[in-house]
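Working notes for the structure below.
The values are calculated or read from the model by the stated rules, or taken from the named source; none is laboratory data. A quick note: this is a predicted structure, and the numbers were derived from the prediction, not measured. Every residue, glycine among them, receives a Cβ derived from its backbone with ideal geometry; neighbour counts consider all protein chains shown.
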Amino acid sequence: MKYDYDYVKLSADYIKSIVHEEPEIGIILGSGLGKFAESIENPIEIKYEDIPNFLVSTVASHAGKLIFGRAGGKNIVCMAGRFHYYEGYEFEQLVLPIRLFKLLGVKKTIITNAAGAVNTDYNVGDIMIIKDHLKLTGASPLRGENDDRFGQRFFDVTDMYTKELRNIALECAKESPLTFHEGVYMFFTGPQFETPAEIRAARILGADAVGMSTVTEALTAAHCGMPLLALSVMTNMAAGVLPQKLSDEEVGIAAAKIADNFGNYVRDVISKL
Ligand code: HPA
């Protein structure tokens, strides 16, 4: 059993020797959404590369550090920079962030990501509160020998995107100038953006947005009984929707535009969780 309780405990014990306040809320920030991290009060930063048994971030738009501190009146831990399958990690390795949150004492997790809008009623800059996902490619991060200390071999995922947290997110949405939807996120492995045909298929299957992250973390959260809220920022219309090419630049520009409002929203949600 490679990435089991004892493996993660080494990372957690190192962090606990530096940070003495237990974080209540864990947050994972998506591409271009790192600005929220700048607003964390009394921050203590730990670089991923300094954490034993942890992974390192290889994507330029991801910072690669854990930040402990306060936001929305709560103790939080924030991952500025996350890990994706397309970076070359095995699915099994992608359990590590959420398992680390669990051993640090995190009670609820918020995941954010940049995504392409498949639903043509959505616009760039809108936020989608994820209510379910489709993952038809790749293995499960929970593949391999099960560690019962985290959760059961076979586990339910019907409330993986926890209804109670989604309701809080919808309430907070009323106070935000941003536009919100509830929808289905479809995972693609990347790093290439999807083909227009894949996007048409995704739409027929019921997807509202597509992206290359989040589902591995969501499945790990469901396995260890961690309540989860996941928020997608529509940084572009998905492939083939508009007569133009997709680019990482476009993703960064759209994310930067909503960064302040999104940060305020996330802080509001944290305060009400
Ligand atoms: N597809 C996949 N991942 C993404 C996209 C997209 O269109 N936009 C931002 N992340």
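Please work out which residue is nearest to PRO23 (Cα to Cα), limiting yourself to region 128-146 and to residues that are part of a strand (DSSP E or B), out of contact with any helix residue (DSSP H, G or I) (no Cβ under 7 Å at 6 or more places or on another chain) and within 16 Å of the ligand (Cβ to nearest atom). So that I can check it myself, show each step before the final result.
Let us first name the residues in region 128-146 that are part of a strand (DSSP E or B), namely 128-134.
Restricting the remaining residues to those that are out of contact with any helix residue (DSSP H, G or I) (no Cβ under 7 Å at 6 or more places or on another chain) gives 128, 130, 132.
Next, from what is left, pick out any that are within 16 Å of the ligand (Cβ to nearest atom): 128, 130.
Numbers: MET128: 26, ILE130: 24 Å.
Once the filter is applied, the top-ranked residue is ILE130.
Output the residues belonging to region 82-93 that are over 18 Å from SER232 (Cα atoms) and crowded, with 24+ Cβ neighbours inside 10 Å.
Those that are over 18 Å from SER232 (Cα atoms) and crowded, with 24+ Cβ neighbours inside 10 Å: none in region 82-93.
Sort out which residues of region 239-257 are touching a helix residue (DSSP H, G or I) at 6+ places or on another chain (Cβ under 9 Å) and under 18 Å from ALA37 (Cα atoms), and write them in order of number.
ALA255, ALA256
Taking LYS272 and the conditions (1) touching a strand residue (DSSP E or B) at 6+ places or on another chain (Cβ under 9 Å); (2) surrounded by fewer than 20 Cβ atoms within 10 Å (Cβ to Cβ), which numbered condition does it fall short on, given that it satisfies the others?
(1)
Being surrounded by fewer than 17 Cβ atoms within 10 Å (Cβ to Cβ), at negative phi and at pLDDT 95 or above narrows it down to one residue among ILE44, ILE76; which is it? Explain how you work it out, then say what you get.
Values: ILE76 fails: surrounded by fewer than 17 Cβ atoms within 10 Å (Cβ to Cβ).
One residue alone meets the criteria, ILE44.
Are any residues in region 113-153 touching a residue at least 60 places away in the same chain (Cβ under 8 Å), of a type in the set (Ser, Thr, Tyr) and within 17 Å of ALA207 (Cα to Cα), and if so, which ones?
If the condition is that a residue be touching a residue at least 60 places away in the same chain (Cβ under 8 Å), of a type in the set (Ser, Thr, Tyr) and within 17 Å of ALA207 (Cα to Cα), then THR120, TYR122 are the ones that fit.
Residues to consider are THR158, THR179; find the one that is more than 19 Å from the chain's Cα centre (by Cα), more than 16 Å from the ligand (Cβ to nearest atom) and at pLDDT 95 or above.
So the residue among THR158, THR179 that is more than 19 Å from the chain's Cα centre (by Cα), more than 16 Å from the ligand (Cβ to nearest atom) and at pLDDT 95 or above is THR179.
Would you point out the residue of region 160-174, among those that are outside any helix (DSSP H, G or I) and in contact (Cβ under 8 Å) with a residue 60 or more places away in the chain, that is surrounded by the fewest Cβ atoms within 10 Å (Cβ to Cβ)? Spell out the reasoning first.
Of region 160-174, the ones outside any helix (DSSP H, G or I) are 160-162, 174.
Adding the requirement that they be in contact (Cβ under 8 Å) with a residue 60 or more places away in the chain leaves 160-162.
Working: MET160: 21, TYR161: 26, THR162: 19.
Looking at residues that are outside any helix (DSSP H, G or I) and in contact (Cβ under 8 Å) with a residue 60 or more places away in the chain, I get THR162.
Quick test for you: out of GLY225, GLY183, pick the one residue that is among the small types (Gly, Ala, Ser), touching a Phe, Trp or Tyr at 6+ places or on another chain (Cβ under 9 Å) and surrounded by fewer than 19 Cβ atoms within 10 Å (Cβ to Cβ).
The unique qualifying residue is GLY225.
Cβ-Cβ below 7 Å, separation at least six or inter-chain, first residue in region 191-213 and within 12 Å of ASN119 (Cβ to Cβ), second of a type in the set (D, E, K, R) and within 11 Å of the ligand (Cβ to nearest atom): which pairs?
If the second residue must be of a type in the set (D, E, K, R) and within 11 Å of the ligand (Cβ to nearest atom), the pairs left are VAL210/GLU194.
Got at least one residue in region 220-239 being on the phi > 0 side of the Ramachandran plot, outside any helix (DSSP H, G or I) and within 14 Å of the ligand (Cβ to nearest atom)?
no
Restricting to region 97-127, and then to whatever is surrounded by fewer than 24 Cβ atoms within 10 Å (Cβ to Cβ) and in a helix (DSSP H, G or I), can you tell me which residue is farthest from the ligand (Cβ to nearest atom)?
LEU103
One line per residue, one yes/no per condition, for (1) under 19 Å from PHE91 (Cα atoms); (2) surrounded by fewer than 17 Cβ atoms within 10 Å (Cβ to Cβ); (3) hydrophobic (A, V, I, L, M, F, W, C):
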| position | (1), (2), (3) |
| --- | --- |
| LEU10 | no, yes, yes |
| SER31 | no, no, no |
| GLY34 | no, no, no |
| GLU49 | no, yes, no |
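Here are some residues: ALA256, ALA201. Which one is assigned to a helix (DSSP H, G or I), more than 13 Å from the ligand (Cβ to nearest atom) and out of contact with any Gly (no Cβ under 7 Å at 6 or more places or on another chain)?
Details: ALA256 fails: out of contact with any Gly (no Cβ under 7 Å at 6 or more places or on another chain).
Of the residues listed, the single one that is assigned to a helix (DSSP H, G or I), more than 13 Å from the ligand (Cβ to nearest atom) and out of contact with any Gly (no Cβ under 7 Å at 6 or more places or on another chain) is ALA201.
Keeping to region 240-253, report how many residues are near the ligand (Cβ under 10 Å from one of its atoms), in a loop (DSSP other than H, G, I, E, B) and among the aliphatic types (A, V, I, L, M).
Count: 2.
Sort out which residues of region 5-36 are touching a strand residue (DSSP E or B) at 6+ places or on another chain (Cβ under 9 Å) and assigned to a loop (DSSP other than H, G, I, E, B), and write them in order of number. Explain how you work it out, then say what you get.
In the first step, residues of region 5-36 are kept if they are touching a strand residue (DSSP E or B) at 6+ places or on another chain (Cβ under 9 Å); the result is 14-15, 18-19, 21-36.
Passing the criteria: ILE18, VAL19, GLU21, GLU22, PRO23, GLU24, GLY30, SER31, GLY32, LEU33, GLY34.
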